[in-house]
Amino acid sequence: MRAAVINRFGSPDEFEIVDDFPAPYAGEGEVVVRVTAAGVNPLDYKIRDGSSGMAAQLRDEDFPLVLGRECAGTIEEVGAGVEGFEVGDRVFGMAPLDHKGHCYAELTALPEAALAHSPEGVDDHVLGGLSLVGLTAWVAVEDLAKVTPDDVVLVHGGGGGVGFMAVQLARAAGAQVYATASARNAQRLESVGAIPVDYNEQDFTQATPRPTVIIDTVYFGTYEPSMDHLAEGGRLVLLPSLADVGPAKERGIDVSIPSIAPDRERLDALAARVADGTLELTIAEVLPLREVARAHEILEEGHTPGKIVLDVPGD
Ligand SMILES: NC(=O)c1ccc[n+]([C@@H]2O[C@H](COP(=O)([O-])OP(=O)(O)OC[C@H]3O[C@@H](n4cnc5c(N)ncnc54)[C@H](OP(=O)(O)O)[C@@H]3O)[C@@H](O)[C@H]2O)c1
């Protein structure tokens, strides 16, 4: 089958498109998905360049490696013990963190528990990029920060993949929401009820009241001032998995980092909200699989307005 592989850790130049990668089969409790769209996430480039903690768990025999943790597509094969999914069903979801994913390929085998049925009327490109950012924002806003209507929430990186979801979920929880972002994201943030703060023009510690919750998807350059700005007794959620919670803990701040797992009930709920128009996933760019290196370059620049998705059957 066709797949984008890397043979070693390194730059985006390491990607190679091959047409003869061994096709997966559906093991017990798994289904094989014919991938229409694969979401591209910062975790992918952190595995590609070897900097993620997950990269440290990879062995020589894992290469050539197919990256990609989430996708949407159609079920091609159903393994033993799978209930509720049939060949031909449209599905989307994300691989659990102890699974290598392999979604940058025509076919991928995923545990059935990692998947949900795709709702009618929602494009696979949207569903292919929804799972990871949607579940992360859900854990950040509801499980960790426990946002209520009494909260003033500040989201750093509100125009990004996780940030834009977090903004919308915090608004849905009834909070007042400020979001740092560059000017090009301002209108999109206002359209979902957030108050944008252009970080290139304004100091967020001056432009916003003291937040009771800060969700920091940026971290570098925002962590220190956020600790100073957070209201007494506030909650701080840091996004990068390798963020150092030590300084916040030393100051007695309630600090946490999301850790996510596939959750069908939540995937269903996220997709239902997208389908009824109460949650928006912005697709910044759809690129064909052969442009996977370009997709990583764009994402690594760190200013993507939304999600980058690979169109896998696309030429
Ligand atoms: N812990 C977990 O389970 C988990 C899960 C998912 C993601 N993550 C991590 O979360 C981080 C964000 O992921 P993502 O998918 O949302 O990335 P992303 O889509 O690339 O978004 C990053 C956003 O940050 C904005 N930005 C850059 N510098 C900024 C600054 N100084 N102030 C405010 N905004 C700034 C950029 O937009 P502008 O044009 O506005 O600059 C961009 O839209 C990554 O480190 C990722 O690895 C963690």
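This table checks each residue for (1) acidic (Asp, Glu); (2) closer than 21 Å to residue 41 by Cβ; (3) within 10 Å of the ligand (Cβ to nearest atom); (4) out of contact with any strand residue (DSSP E or B) (no Cβ under 6 Å at 6 or more places or on another chain).
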| position | (1), (2), (3), (4) |
| --- | --- |
| 157 | no, yes, yes, yes |
| 160 | no, yes, yes, yes |
| 166 | no, yes, yes, no |
| 172 | no, no, no, yes |
| 175 | no, no, no, no |
| 185 | no, yes, yes, yes |
| 199 | no, no, yes, no |
| 211 | no, no, no, no |
| 226 | no, no, no, no |
What strands (runs of 3 or more DSSP E) completely inside the range 245-315 contain at least 2 residues that are of a type outside the set (Phe, Trp, Tyr) and in contact with a Ser or Thr (Cβ under 8 Å, 6 or more places away or on another chain)?
-> 283-288, 307-311
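Tally the residues that are among the acidic types (Asp, Glu) and modelled with pLDDT under 95, restricting the search to the range 194-247. Let's see the steps before the verdict.
First, pick out the residues of the range 194-247 that are among the acidic types (Asp, Glu): 198, 201, 203, 216, 224, 228, 232, 244.
Then drop every residue that is not modelled with pLDDT under 95, which leaves none.
Residues that pass the stated criteria total 0.
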Take the residues in the range 22-57 that are of a type in the set (A, V, I, L, M, F, W, C) and over 17 Å from the mean Cα position of the chain (by Cα), then tell me which one is surrounded by the fewest Cβ atoms within 10 Å (Cβ to Cβ).
-> 56
Among the candidates 91, 133, single out the residue that is within 22 Å of residue 314 (Cβ to Cβ), at pLDDT 95 or above and more than 16 Å from the ligand (Cβ to nearest atom).
-> 91
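From the list 73, 84, 27, 10, exactly one residue is more than 16 Å from the ligand (Cβ to nearest atom), touching a Phe, Trp or Tyr at 6+ places or on another chain (Cβ under 8 Å) and of a type outside the set (Val, Ile, Thr). Which is it? Walk me through how you get there before you give the answer.
On the way: 84 fails: touching a Phe, Trp or Tyr at 6+ places or on another chain (Cβ under 8 Å); 27 fails: touching a Phe, Trp or Tyr at 6+ places or on another chain (Cβ under 8 Å); 10 fails: touching a Phe, Trp or Tyr at 6+ places or on another chain (Cβ under 8 Å).
Every option except 73 fails the conditions.
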All but one of (1) in contact with a Leu (Cβ under 8 Å, 6 or more places away or on another chain); (2) in a loop (DSSP other than H, G, I, E, B); (3) at pLDDT 95 or above; (4) at negative phi hold for residue 32; which doesn't?
-> (2)
Can you tell me which residue within the range 153-200, out of those that are out of contact with any Ser or Thr (no Cβ under 9 Å at 6 or more places or on another chain) and in a loop (DSSP other than H, G, I, E, B), is surrounded by the most Cβ atoms within 10 Å (Cβ to Cβ)?
-> 194
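The values are calculated or read from the model by the stated rules, or taken from the named source; none is laboratory data. Everything numeric here is computed off the predicted structure, so don't read it as measured data. A quick note on method: Cβ atoms are made from the backbone with ideal geometry, for glycine too, and the neighbour counts reach across all protein chains shown.
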